[in-house]
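These notes concern the structure reproduced below.
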Amino acid sequence: MNTPSTHLTLLVLVLSIVALFCTLVGAAAGLLARLDGATYATALLRGAAAFAGSATLSLTALTFVLTAL
């Protein structure tokens, strides 16, 4: 039951969930920065930094889990 196509399908599914999670984190960080009084450019940069940080942590955790299996 553990065929390569199943692994590929699960990997694509997990990567899409990670991308959605990181996008939501970045949007929330940008929105909170804007509500705090930051300019649009600063809020965008804070959202991008939060996106990059959450993507790095999520993909690092995913890599760790995949190598542990």
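Filter region 32-43 down to the residues that are hydrophobic (A, V, I, L, M, F, W, C) and open to solvent by less than 100 Å² (accessible area, probe 1.4 Å) and list them by number.
33, 38, 41, 43
Could you grab me the full set of residues in region 1-26 that are surrounded by 12 or more Cβ atoms within 10 Å (Cβ to Cβ) and either touching a helix residue (DSSP H, G or I) at 6+ places or on another chain (Cβ under 6 Å) or of a type in the set (Gly, Ala, Ser) (or both)?
18, 19, 22, 25, 26
Assuming residue 47 fulfils every condition listed in (1) assigned to a helix (DSSP H, G or I); (2) free of Cβ contacts under 8 Å to residues at least 24 places away in the same chain; (3) surrounded by fewer than 16 Cβ atoms within 10 Å (Cβ to Cβ) apart from one, which condition is it?
Just one mismatch for residue 47, condition (3).
The values are calculated or read from the model by the stated rules, or taken from the named source; none is laboratory data. None of the values given here were measured: they were computed from a predicted structure. Neighbour counts are summed over all protein chains in view; Cβ atoms, including those assigned to glycine, are modelled from backbone coordinates with ideal geometry. What goes into the accessible areas is simple: the full protein's heavy atoms, side chains included, and nothing from ligands, DNA or RNA. Shrake-Rupley method; radii C 1.70, N 1.55, O 1.52, S 1.80 Å.
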